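Remarks on the structure that follows.
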């Protein structure tokens with residue numbers, strides 16, 4: 001699989017072979033070093049914050065959410081550490097890939113890492129959206145005694161799915177190749193044979209994950225707004241869920257802005273059957289890297305403990321955004337009552353009817 005039949009050239013060098021004469025400013029040791037150092041530091045800080053939050057929390061739903069966030073932080077950290085160390089090493093030493101890696105093992109490893117650590121955040125974001133959708137719209141569908149190990153198993157399952165996709169080029173579906181300027185490897189974006197299949201698979205999995213996140217998060221937010229517009233006692237119980245949804249929405253927005261240009265570029269290149277300039281691919285890859293850099297700051301900054309210090313006058317325990325603007329609250333309440341036949345509303349009706357029946361029985 002690693003050699004062609006014509007000239008015994010290893011497959012990862014069969015389309016383009018180093019060294020390359022490429023001097024674009026984006027191909028710089030400064031770009032790579034700053035991106036890697038900033039991302040690794042951010043994820044380390046976020047991991048420490050998550051551990052402290054996990055130890056302090058007594059809310060089961062929040063503990064599940066923090067496990068997902070921990071998996072996302074670990075994935076982003078390892079992705080930047082593995083791929084960043086290779087790219088920075090190339091820029092510092094300018095080693096020749098064909099001499100260091102004559103059989104393409106190292107190139108295949110980096111290509112797998114790029115695919116694995118690229119898909120994992122998108123798949124984890126979609127999985128988190130599913131978990132929050134279930135927790136908010138179907139609160140009784142999940143067992144209250146569900147062990148935390150099941151959440152860990154879901155994170156491991158996401159890693160397994162992303163790993164299986166990353167391994168496909170080693171089985172003949174797609175192929176990993178050295179990319180200009182010679183500092184990294186990625187799958188071959190082409191409209192020929194198995195390369196087209198893998199390119200579309202990578203692009204569609206990423207775009208579908210973003211679409212699922214957007215759809216489920218939208219439903220969850222609208223349902224949560226309906227609940228928060230109820231009594232104050234309900235609002236206090238929903239504080240943690242509001243915080244989790246704010247973080248999840250920001251994660252989704254960052255992932256969409258960072259990854260959509262690359263995913264659309266890959267799909268458009270393959271379906272249009274046209275070539276592309278390497279500078280665009282490198283630019284979109286750099287753009288996607290911002291997802292791993294910005295994600296940690298969502299967990300670091302957008303917490304109630306931080307927001308209370310930034311704006312202490314706001315009554316965070318009662319969701320005073322709603323109470324400060326009663327007209328807005330009434331408008332939202334009328335909208336949600338008319339547009340949503342939510343299960344939460346039906347549950348409240350059922351509880352009211354049950355209490356009335358119980359009261360009448362005791363009166364008798």
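The values are calculated or read from the model by the stated rules, or taken from the named source; none is laboratory data. Quantities reported herein were computed from a predicted structural model and do not represent experimental measurements. Backbone-built Cβ (ideal geometry, glycine too); neighbour counts: all protein chains shown.
Would you mind stating whether residue 157 is at pLDDT 90 or above, crowded, with 17+ Cβ neighbours inside 10 Å and in a helix (DSSP H, G or I)?
On the way: at pLDDT 90 or above: yes; crowded, with 17+ Cβ neighbours inside 10 Å: no; in a helix (DSSP H, G or I): yes.
Against the criterion (at pLDDT 90 or above, crowded, with 17+ Cβ neighbours inside 10 Å and in a helix (DSSP H, G or I)), residue 157 does not qualify.
When you scan segment 75-118, how many residues do you find that are surrounded by fewer than 18 Cβ atoms within 10 Å (Cβ to Cβ) and outside any helix (DSSP H, G or I)?
Counting residues in segment 75-118 that are surrounded by fewer than 18 Cβ atoms within 10 Å (Cβ to Cβ) and outside any helix (DSSP H, G or I) gives 5.
If you scan segment 173-190, which residues turn out to be part of a strand (DSSP E or B) and either free of Cβ contacts under 8 Å to residues at least 24 places away in the same chain or within 12 Å of residue 97 (Cα to Cα) (or both)? Working first, answer last.
Kept after step one, since they are part of a strand (DSSP E or B), are these residues of segment 173-190: 176-179, 184-187.
Within segment 173-190, 177, 178, 179, 184, 185 qualify.
Just one of the numbered conditions (1) closer than 29 Å to residue 184 by Cβ; (2) within 20 Å of the chain's Cα centre (by Cα); (3) free of Cβ contacts under 8 Å to residues at least 24 places away in the same chain is not true of residue 72; which one?
(3) is the only condition that residue 72 fails.
Would you please list the contacts, defined by Cβ atoms under 6 Å and residues six or more apart or on different chains, that run from a residue in segment 101-112 that is outside the structural domain of residue 168 (by TED's automatic domain parsing) to a residue that is exposed (fewer than 15 other Cβ atoms within 10 Å of the Cβ)?
Close Cβ pairs (under 6 Å, with a partner that is exposed (fewer than 15 other Cβ atoms within 10 Å of the Cβ)) do not exist here.
Exactly one of these conditions fails for residue 12: (1) surrounded by 14 or more Cβ atoms within 10 Å (Cβ to Cβ); (2) at pLDDT 85 or above. Give me its number.
(2)
Conditions: (1) assigned by TED's automatic domain parsing to the domain that holds residue 295; (2) at pLDDT below 80. Residue 69 meets all but one. Number of the miss?
(2)
Exactly one condition in (1) more than 16 Å from residue 298 (Cβ to Cβ); (2) assigned to a helix (DSSP H, G or I) is not met by residue 39; state its number.
Here residue 39 clears every test but (1).
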